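The values are calculated or read from the model by the stated rules, or taken from the named source; none is laboratory data. As the structure is a prediction and not an experimental result, all values here were calculated from the model. For neighbour counting, all protein chains shown are included, and Cβ atoms are generated from backbone atoms with ideal geometry for every residue, glycine included. Keep in mind that these areas ignore ligands, DNA and RNA; they rest on the heavy atoms of the full protein, side chains included. Shrake-Rupley method; radii C 1.70, N 1.55, O 1.52, S 1.80 Å.
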Amino acid sequence: MDFQTLKYIYKPSGNPDAYTLLLLHGTGGDERDLIPLSQNFGDAYNILSLRGNVSENGMPRFFKRLGMGIFDEADLHFRSDEMVSFINETAIKEGFNSKKIIAVGYSNGANIAGAIMVKYPHFFAGAILYRPMQPFKSIEDSNEDSNTKIFFSSGQLDPTVDIKTTLKYIDILKRKGLNITFHEIPAGHQLTQQDVMLSERWLSENFH
């Protein structure tokens, strides 16, 4: 398969040295979904919001799955490579710094962001992952020591994601040298104002 372009919205901050927030929607969302959420983070960031290239019964996704919580890992590998290539090309086209990207992903979007972090440990400057799942069943330990800062929030009542697997995933990321700030929110799979407030504070403290 050849790489395809992704539909996107880009909003420059006007500062050539700004960080860029990479917005990655959940299943059934699109490139407009997380723009209202990103407004909570202020106007100091560029915004690059993508739409997934995969359709599941008409619902956009970033990669295929074989069933609920069962990922098509071959497609996930391909789509991760495709997204990294697209972002690098878009950085040249739109004029933002590809070394200063912070992923902001919800659910399916958080999962492909996690896959990219595993495959390309130095690609993101940081990431905000809402309700993520471990992207690959097997993730090798490595000594990358990227120290990339990650905000990670899970729902205590989330029927989609088992907290035991979440804690295992966090441990794997820590062993890969990632700097994890973890919050378990008293909520289900949907985002809450608490997720937004905590991630807003984390972003302002770590990326100015």
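When the helix-only estimate is applied to the chain (DSSP H runs of n ≥ 4, each -39,500 (n - 2.57), divided by the residue count), what is the mean residue ellipticity at 222 nm, nearest 500 deg cm²/dmol?
-10000 deg cm²/dmol
With label points built 7 Å along Cα→Cβ from the Cα atoms of VAL196 and ASN147, find their separation and express it in nm.
3.3
Can you give the accessible area per residue of the chain, in Å², using a 1.4 Å probe?
Value returned for the chain: 47 Å² of accessible area per residue.
Return a whole-number percent for the relative contact order of the range 1-80, with Cα pairs under 8 Å and 6 or more residues apart as the contact set.
After rounding, I find 30 percent.
Can you list the aspartates and glutamates whose alpha carbon sits under 15 Å from that of LYS119, skipping same-chain ones fewer than 8 residues off?
GLU73, ASP75, ASP81, GLU82, GLU140, ASP141, GLU144, ASP145
Taking Cα pairs under 8 Å and at least six residues apart, what relative contact order does the range 50-153 come out at, in percent?
Worked out over the range 50-153, it gives 21 percent.
Determine the gain in length on full extension of the stretch SER98-HIS208; use 0.36 nm per residue of separation and subtract their C-alpha separation, reporting nm with one decimal.
37.9 nm
What ranking of ASP171, ASP43 comes out by heavy-atom accessible area, probe 1.4 Å, highest first?
If we order ASP171, ASP43 from most to least accessible, we get ASP43, ASP171.
Tell me the label only: which of (1) 8, 34, 38, 17, 3; (2) 9, 38, 40, 13, 0; (3) 7, 29, 33, 19, 10, 2, 0 is P(r) over Cα pairs in 10 Å bins from 0, in percent as calculated from this structure?
Checked against the structure: label (2).
Relative contact order of the chain, please, whole-number percent, based on alpha carbon pairs below 8 angstrom and at least 6 residues apart.
With pairs under 8 Å counted, the relative contact order is 18 percent.
For the residue pair MET68 and LEU167, what label-to-label distance in nm results when each label sits 7 Å from Cα along the Cα-to-beta-carbon direction?
Result for the modelled spin labels: 2.4 nm.
Hey, any idea what % of the range 44-184's accessible area is carbon plus sulfur with a 1.4 Å probe?
Result for the range 44-184: 49 percent of the exposed heavy-atom area is carbon or sulfur.
Is there a pair in LYS7/LYS149; LYS64/LYS93; LYS137/LYS176; LYS99/LYS174 whose C-alpha atoms are over 19 Å apart, and which pairs would that be?
Over 19 Å apart, Cα to Cα: LYS7/LYS149; LYS64/LYS93; LYS99/LYS174.
With each pseudo-label sitting 7 Å past Cα toward Cβ, what's the LYS11-SER38 distance in nm, one decimal?
Using points 7 Å along Cα→Cβ, the separation is 0.7 nm.
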